[in-house]
Amino acid sequence: MKRILIDTDPGVDDALALIYAFKSPDIKVEAITTVSGNVNLETVTRNLLKILNILDLTAFPIIAKGEAQPLVKPPVDAEDVHGKDGLGNISELLNSTGTLKYDTADCQFTDQSADDLILEMVDSYPDELIIVALGPLTNISKAIQKDLSRFRKVHSLYLMGGVFTEYGNITTNAEFNVFVDPHAAHEVFNSGVPIHIAPLDVTHQVKLTGDRLQTEVFGREDVISHFLTDSTKAVMEFYRENVGFYGFHIHDALPIGMLNHPELFRSVDAHVQVETEGELTSGMTVADLRKQNVIDPNAKVYVGVDADSFLDLFFKTILT
Ligand code: RIB
Ligand code: CA
């Protein structure tokens, strides 16, 4: 059993990752912290409660609200991709009875800050807790700043972020999560904990097309199938107009897949750093991928995935 804390900015792909994590028999989601990213903190926090509600859980993880803005940079959002509500504009959908189709779960947030909850969970499960970071790394860096020696008792950190050998998705050379808070990413990359990075280089290899989703949910009337259909329409339209296919990259599901099925992935050890000040390059991640004279690695960078097998196992898990 892998005990994890998920830090997230839901976000449609975050929602799929959360569903995947809760449906994974070998994963126990002990805690969740929210961070401003795709949309503002209040909205990502409300979105988390909507996602927890569709999961129909018998027990909720501990949840804490995190940071409302990056360490240094001004906030940037991704409403153009995820919709103004961050979940594909499904938040006002109504049932036939006129009630909200996707309401929030009756789950109370702890009054702890996200960084305190992160450190408390590491204390509770030393050398065992795995942190899965699916948004800007602001909360994680706050925990590092607060008490690095406690933070270093984490087993490992799996994060979706960065890009190394292709274009970025928010600027020419930066990926969104790292671009939003490059100073936080710098703290994380230099924290000394084992880091597993799922950059765009690998997440772009997994395309969830509208046809595939329709095939998977065809004839199903369960709430998760309805949520998958409703929440992905807007992002798939965005991709049709801006990326060139009707579907989208389920970026944040990959770190969960790396935990469930590491055999489907290929990674390289590399020294990773991030630009924090460049006018044109802020948020750019740089990995020393040379074959010799490399700087001591500080991360495993995932560069390949068996995308077909990943998607087959992803759907088998979330629709069971
Ligand atoms: O670049 C993709 C990442 O940015 C994903 O985590 C997505 O949810 C957004 O946060
Ligand atoms: Ca995210």
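The values are calculated or read from the model by the stated rules, or taken from the named source; none is laboratory data. Because the structure is predicted, anything quoted here is derived from the model rather than measured. Heads up: the accessible areas ignore ligands, DNA and RNA and are worked out on the full protein's heavy atoms, side chains in. Shrake-Rupley method; radii C 1.70, N 1.55, O 1.52, S 1.80 Å.
Stokes-Einstein D for region 20-157 at 37 °C, 0.692 mPa s, Kirkwood Rh over Cα pairs, in µm²/s?
Reported coefficient: 204 µm²/s.
Taking the DSSP beta bridges with both ends in the chain, the antiparallel portion is around 40 percent. Which pairs, out of LYS50/LYS207; LYS28/LYS207; LYS28/LYS146; LYS153/LYS300; LYS28/LYS153, put more than 20 Å between their alpha-carbon atoms? Where the Cα-Cα span goes over 20 Å, the pairs concerned are LYS50/LYS207; LYS28/LYS207; LYS28/LYS146.
With the biggest extent put first, the Cα atoms of region 53-115 measure 46, 32, 15 Å across the principal axes.
Taking the accessible area of region 191-320, probe 1.4 Å, and keeping the other protein chains in place, the carbon and sulfur fraction comes to 52%.
Take ARG152: with every protein chain present and a 1.4 Å probe, its accessible area is about 130 Å². Overall shape: prolate for region 187-245, with the ratio a/c of the largest to smallest alpha carbon gyration tensor axis at 1.5 or above and a/b above b/c. May I ask you to give the percent of accessible area on region 1-82 that is carbon plus sulfur, with a probe radius of 1.4 Å? The C+S portion of the solvent-accessible surface of region 1-82 is 47 percent. Would you please state the base-10 log of I(q)/I(0) at q = 0.11, 0.14, 0.17, 0.18 1/Å for region 140-224, with intensities from the Debye formula using one equal scatterer on every alpha carbon? Those come out to -0.47, -0.65, -0.79, -0.83, one per q. Accessible area of TYR125 (1.4 Å probe, protein heavy atoms only, ligands and nucleic acids ignored): about 50 Å².
Among LYS316, LYS146, the sequence by solvent-accessible area, most first, with a 1.4 Å probe is LYS316, LYS146. Eigen-decomposition of the gyration tensor built on the alpha-carbon atoms of region 85-211 gives equivalent ellipsoid semi-axes of 29, 24, 13 angstrom, largest listed first.
Its convex hull of Cα atoms gives the chain a direction-averaged projected area, equal to a quarter of the hull surface, of 15.8 nm².
For region 1-105, DSSP calls about 10 percent of its internal beta bridges antiparallel. Working note: 222 nm ellipticity from helices only, DSSP H runs with n ≥ 4, each -39,500 (n - 2.57), summed and divided by the residues of the chain, gives -10500 deg cm²/dmol to the nearest 500. By the Kirkwood approach, averaging reciprocal distances over each pair of separate Cα atoms, region 2-66 gets a hydrodynamic radius of 11.7 Å. At a probe radius of 1.4 angstrom, the accessible area of region 1-61 per residue rounds to 29 square angstrom.
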